[in-house]
Amino acid sequence: MHKDNIDTAMLAEAEAWRSRDLAVLWHPCTQMAEHPDTLPLVPIRRGRGVWLEGVDGRHYLDAVSSWWTNLFGHAEPRIAAAIARQAGELEHVIFAGFSHEPGLMLAEKLLALAPPGLARVFYADNGSAAVEVALKMSFHSFLNRGESRRKKFIALSNGYHGETLGALSMGDIPLYRRIYSPLLLQPLFAPSPDAYEAEPGESAEACALRRADELATIFARHEGEICALILEPLVQCAGGMRMYHPAYLHRAREICDAHGVHLIADEIAVGFGRTGTLFACEQAGITPDFLCLSKGLTGGFLPMSAVLTTAAVYEAFLDESRDRAFLHSHSYTGNPLGCAAALASLAIFETEPVLERNRATAARMAELAAPLREHSQVIDVRQTGMILAVEMAPGDRRGLRAYRHALGEGVLLRPLGDVLYWMPPYCIDEAALQHLAKTTLSAIIEAAR
Ligand SMILES: *Cc1c(COP(=O)(O)O)cnc(C)c1O
């Protein structure tokens, strides 16, 4: 645990930083009018393990892995060193017509680790871009094969796939989507298999299978018109950490196969061990046609994403004609620093029993969260691996009150609406877990006032 070491000079520095920041910056996903009064802005000086250290000397436990990106702690020395080494050799090079060792090695490594049957890696530089790549590739591969009627996508209710217009189109969270809907593609939305929405007495598996039957009906109604089904395997994270049974994925794969439709698995948030397996798809024993990876790909160090796809998709683009090629690029495609960070992060999975250790940590999270169920304002506690969510009874700005209270206690808990969740770096220790559990309980009590 960390002792805060605050003096007046540090407090003054933090205050000066705050006012300079609010004079020029525009922060993401934020109503800036709420700064500085409703929402305090927290300038951070450094990070170590699960802890962030504020400019004012206070420490914050990063219970949300800085928007789900961090795996092994802040400033993890092996990843930091790999980036520094790479920066001294080759910081970046155009990836069209040129190649480099970290880019090649990372592709080989990802294909070796991913579910069997994926054969090609296309890099992009953030999660939303990876989703755009998968959508465009799916559509274009059908076009190249003469299936020009296929131009629709199916997405799940309560899903989230990013903020660029194509990715936002596939999402179903009104808070992000509603305003921009005149600009968006209109996918078909199939009901989420979310176990929280199960009928009374219905098991998670039965709910998943019922929803899969409804999915099959949509497929049948749009025969020959659909390119791909896009979904977040096992956990709809931005949608409030809603979780579902792997049987849905298994059935979804069968339904896609029966109709010649691609399955896009958006594992941007759940990949790299979050759900208990390296990739969430493993729990259903399926291989998607597109696997989108980002966030934890670089251990949380650098923006980078990868889309893994099959030989069949790749081969649909091979031709003399330029029109048949995938003429999509980002300036920083295949950035060597990102690749080096990803390789260093994946090396930790190989040299340490990460998934095994996470199982023990996840079991400890379950034990520590059990008492929260008793609180009258808690209506659900659910967990998939290293993601644990506490659904509070709905209340006006309850999440904001919980957030502010937790910050005061030195914990960064950033609720999704009325859902508090733990998605910590994997290196969280017993003392930090106990502090997290204690603060979560007091935040729930405070938020209910
Ligand atoms: C975060 C997220 C994205 C978008 O990634 P960005 O890097 O923020 O663009 C897409 N899909 C899922 C499931 C995510 O959680």
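The values are calculated or read from the model by the stated rules, or taken from the named source; none is laboratory data. Values in this document were obtained by computation on a predicted structure and should not be read as measured data. Here the Cβ is made from the backbone with ideal geometry for all residues, glycine too, and neighbour counts use every protein chain on show. When the accessible area is computed, the model is the full protein with side chains, heavy atoms only, and any ligands, DNA or RNA have been set aside. Shrake-Rupley method; radii C 1.70, N 1.55, O 1.52, S 1.80 Å.
Taking (1) part of a helix (DSSP H, G or I); (2) within 29 Å of PRO246 (Cβ to Cβ); (3) of a type outside the set (Gly, Ala, Ser); (4) modelled with pLDDT under 95 in turn, LEU400 satisfies each apart from (2). For the range 372-379, the criterion of being open to solvent by 10 Å² or more (accessible area, probe 1.4 Å), within 16 Å of the ligand (Cβ to nearest atom) and of a type outside the set (Asp, Glu) is met by none of the residues. Residue count for the range 293-345, restricted to those that are of a type in the set (Phe, Trp, Tyr) and within 25 Å of PRO424 (Cβ to Cβ): 1.
Considered as a group, the residues in the range 224-247 that are within 11 Å of the ligand (Cβ to nearest atom) and open to solvent by 10 Å² or more (accessible area, probe 1.4 Å) include one that is farthest from ARG177 (Cα to Cα), and that residue is GLU232.
What is the residue count in the range 255-290 for residues that are within 16 Å of the ligand (Cβ to nearest atom) and assigned to a helix (DSSP H, G or I)? Can you show your working first?
Step one: of the range 255-290, the residues within 16 Å of the ligand (Cβ to nearest atom) are 263-275, 279-281, 288, 290.
Okay, now just the ones that are also assigned to a helix (DSSP H, G or I), so 280-281.
Looking only at that region, the number is 2.
Screening the range 61-173 for helices (runs of 4 or more DSSP H) wholly inside it with 2 or more residues that are within 16 Å of the ligand (Cβ to nearest atom), modelled with pLDDT of 95 or more and open to solvent by less than 60 Å² (accessible area, probe 1.4 Å) returns the ranges 65-68, 127-144, 165-169. Name the residue that is nearest to HIS59 (Cα to Cα), counting only residues in the range 411-434 that are small (Gly, Ala, Ser) and open to solvent by 20 Å² or more (accessible area, probe 1.4 Å). Among them, the one singled out is ALA431.
Here HIS35 does not fit the description of being in contact with a strand residue (DSSP E or B) (Cβ under 6 Å, 6 or more places away or on another chain) and modelled with pLDDT under 95. Within the range 26-60, which residues are of a type in the set (Phe, Trp, Tyr) and open to solvent by 40 Å² or more (accessible area, probe 1.4 Å)? Scanning the range 26-60 gives a single hit, TRP26. Kindly evaluate SER181 against the criterion of being open to solvent by less than 30 Å² (accessible area, probe 1.4 Å), outside any loop (DSSP other than H, G, I, E, B), among the hydroxyl-bearing types (Ser, Thr, Tyr) and away from the ligand (no atom under 16 Å from the Cβ). Spelling it out, it is not the case that SER181 is open to solvent by less than 30 Å² (accessible area, probe 1.4 Å), outside any loop (DSSP other than H, G, I, E, B), among the hydroxyl-bearing types (Ser, Thr, Tyr) and away from the ligand (no atom under 16 Å from the Cβ).
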